[in-house]
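Heads up, the thing below is written out as structure tokens.
The values are calculated or read from the model by the stated rules, or taken from the named source; none is laboratory data. Just so we're clear, the structure is a prediction, and the values are computed from it rather than from any experiment. Neighbour counts run over all protein chains shown; Cβ positions are idealised from the backbone, glycine included. Ligands, DNA and RNA are excluded from the accessible area calculation, which covers all protein heavy atoms including side chains. Shrake-Rupley method; radii C 1.70, N 1.55, O 1.52, S 1.80 Å.
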Amino acid sequence: MSVVGSLIFCLQCGNLLDGTHSSHENSSKNVVCDQCHASYNPTKFQNLKVVTSTTENSFPSKIRAKKSLVKTSLAKNELKEGAIINERCPKCDNDKMHYHTLQLRSADEGATVFYTCTSCGYRFRTNN
């Protein structure tokens, strides 16, 4: 028995059948299960059609990972929310800014910090 690209299992016990074992008391060279000793005629396994399929996440790739980046959109009023820190605004020199962070890059890299001036509303971001 030689079925390339497929595994044949015993219908009685589910054991993987080895095509090299045959029944000694049977001259027809039947395939015999090592566990339950069920016997199968090798012609039963001829012309089998093997169908394989995969899921989208079966084989991780860098290209697929880039397609699934977190996309975040914030409304204008959401950008003004957040903690207030002592940070100088590069536009108006105000010394108070709102800030919040989002993890936009991979987990082993720092978060992106978004700043909004409490006085003029100027916004900018930095990567930690």
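Taking 0.36 nm per intervening residue step and subtracting the Cα-Cα distance, what contour gain separates Thr55 from Cys92 on full extension?
Working: separation 37, 0.36 × 37 = 13.32 nm, distance 5.30 nm.
Using 0.36 nm per residue and subtracting the Cα-Cα distance, I get 8.0 nm.
Projecting label points 7 angstrom from Cα along Cα→Cβ for Leu7 and Thr126 puts them 5.5 nm apart.
For Asp95, the accessible area of its heavy atoms, probed at 1.4 Å with every protein chain present, is near 70 square angstrom. Taking Tyr115, Tyr122 and ordering them by how much accessible surface each has at a 1.4 Å probe, largest first, produces Tyr122, Tyr115. Heavy-atom accessible area for Arg105, with the other protein chains in place and a 1.4 Å probe, reaches approximately 80 Å².
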